[in-house]
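A quick write-up on the structure given underneath.
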Amino acid sequence: MKNIATNELLPGMVLATDVATPNLNKIALKGTIISSKDIAKFVFYSIKEVAIEDTEVDAILSELPPSDELTSSQRLRQTQEFKTFKNDFEICAQKYEDDIKQLIAGNAEVDTNLMLEPVYALLKQGRTTSDVFSMLHLLRNYDDATYTHCINVALTTNILAQWLKWSDEEVKIATLSGLFHDIGKITIPESIITKPGKLTDAEYTIVKTHPQRGYDALKDLDISYHVKNAALMHHERFDGTGYPSGLSGPQIDTYAKMVAITDVYDAMTSARHYRRPMCPFVVISTFEEEAFRKYDPEMVMCFIQNIVHTYLLSTVRLNTGEVGEIVFINKTYLSKPTIKIDNNYIDLSKCPGVFIEEIL
């Protein structure tokens, strides 16, 4: 038996002990052969390491079956629309980085309208929400530096606010809340933020100061108090298990509750220095199973019900190695749609143990 950091786990490893949350609720049992869904669950619960068997099961790495047809992602990647989006996104992220560095250094006044212009530009030009999520998915293999992550969360929070039918002004505040939520990480040493291995307890304690650091950087600026609270409270959890203050339910700012959802979704589906991006359907499955205790139930339900539809007609690979296309969303089991493989239709809700492992 040996302890392995969660960020170093691979599908196929075998748990040597039960895995429990800080509240001692078991989420995986000894002897479990770890899947990508299990890894997503450990990340979701901030489990830092688990014990695995010394003689572990080799991870089965499925090869893509030969095909003359392009996947949905390959087709999109070749379009001028995606190339334009990618270029605009990189310009937006660079401008945001420059603005924030000037702001942190005290060399500039905050002009929220000016900062939002490139973000809103990414959402316009006739792009649907499906277009935006599909194109963001193609950028997931870039390691999400704090600035890129903030742009992703701003875009996703904007869309979630629209799904909730908030007013234009509320959508604007939601977008700003996403844009500024992680500003505190910029003051944390880069060696900690980009460390490829497991953080020490001391390093993790420093990382957990970023909500307060973010609030301190924003508190004297002429922006909505909701934006400041989102920076401070986006790691608070509905059941009181978050940080820095252990707030629960109505104690948490509404905009912080929203950012908490979009922040964790983007973090789990983006590349890190130590792992590849997780499949959105693995993350959606984790939300279905675990999120209604930790996040605002109405917001979580709205988010997963809508975001799953943005992947309709996407080419996916199942954990069985089979490749097909999503053709129908199951409203009862959102993470288990119907997949068309050749001329067969497979309802994943009726196939225990089979799930979408990757969007191709």
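Figures for the structure shown
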{"read-out": "Contour minus Cα-Cα distance for E203 and Y120 (0.36 nm per residue)", "value": "26.3 nm"}
{"read-out": "Largest-first principal axis extents of the Cα set of the stretch 122-262 (Å)", "value": "47, 36, 30"}
{"read-out": "In the stretch 273-360, the trypsin sites (Lys or Arg not before Pro) that fall in loop regions by DSSP, at most 14 other Cβ within 10 Å", "value": "K331"}
{"read-out": "Potential extension, I329-H309 segment - 0.36 nm per residue separation minus Cα distance", "value": "6.5 nm"}
{"read-out": "Kirkwood Rh and Cα Rg combined as Rg/Rh, the stretch 318-360", "value": "0.91"}
{"read-out": "Of K83/K294; K26/K172; K86/K257; K83/K172, those spanning more than 32 Å from alpha-carbon to alpha-carbon", "value": "K83/K294; K26/K172"}
{"read-out": "Residue (of F292, L313, I188) at the positive-pole extreme of the chain, dipole from beta-carbon charges", "value": "F292"}
{"read-out": "Over the chain: helical MRE at 222 nm, DSSP H runs n ≥ 4 each giving -39500 (n - 2.57), nearest 500", "value": "-14000 deg cm²/dmol"}
{"read-out": "Förster radius 35 Å - calculated FRET efficiency between I91 and K26 (Cβ-Cβ, nearest 0.05)", "value": "0.15"}
{"read-out": "Entry for Rg/Rh (Cα atoms, Kirkwood Rh) (calculated from the structure that is shown) out of (i) 0.93; (ii) 1.04; (iii) 0.95", "value": "(iii)"}
{"read-out": "For the chain, built as a Gaussian network whose Cα springs stay under 10 Å, the top-fluctuating residue of A28, A93, A256", "value": "A28"}
{"read-out": "Relative intensity, log₁₀ I(q)/I(0), of the stretch 253-337 from a Debye sum that treats every alpha carbon as a point, q = 0.10, 0.15, 0.21, 0.26 Å⁻¹", "value": "-0.26, -0.59, -1.07, -1.38"}
{"read-out": "Radius, Kirkwood style, for the stretch 174-220 when every pair of distinct Cα atoms is counted (Å)", "value": "11.4 Å"}
{"read-out": "Shape call, the stretch 109-192: gyration tensor on alpha carbons, a/c limit 1.5", "value": "oblate"}
{"read-out": "Contact order relative to length of the stretch 213-322, as percent, for alpha carbon pairs under 8 angstrom and 6 or more apart", "value": "19 percent"}
{"read-out": "GNM flexibility winner over the chain from G31, G126, G178 (Cα, springs under 10 Å)", "value": "G126"}
{"read-out": "Gaussian network model of the chain, springs between alpha carbon atoms under 10 Å - residue of Q102, Q305, Q78 with greatest fluctuation", "value": "Q78"}
{"read-out": "Tensor-based shape of the stretch 204-351 (alpha-carbon gyration tensor, a/c under 1.5 rounded, otherwise prolate or oblate)", "value": "prolate"}
{"read-out": "Estimated distance in nm for a label pair at A271 and N3, the labels positioned 7 Å out from Cα along Cα-to-Cβ", "value": "3.0 nm"}
{"read-out": "Normalised contact order of the stretch 89-177, rounded percent, pairs of Cα under 8 Å and 6 or more residues apart", "value": "29 percent"}
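Only the coordinates and a few stated rules stand behind these numbers; no lab work does. This structure is a prediction, so every number in the text was calculated from the model and none was measured. Cβ atoms come from the backbone with ideal geometry, glycine included; neighbour counts cover every protein chain shown.
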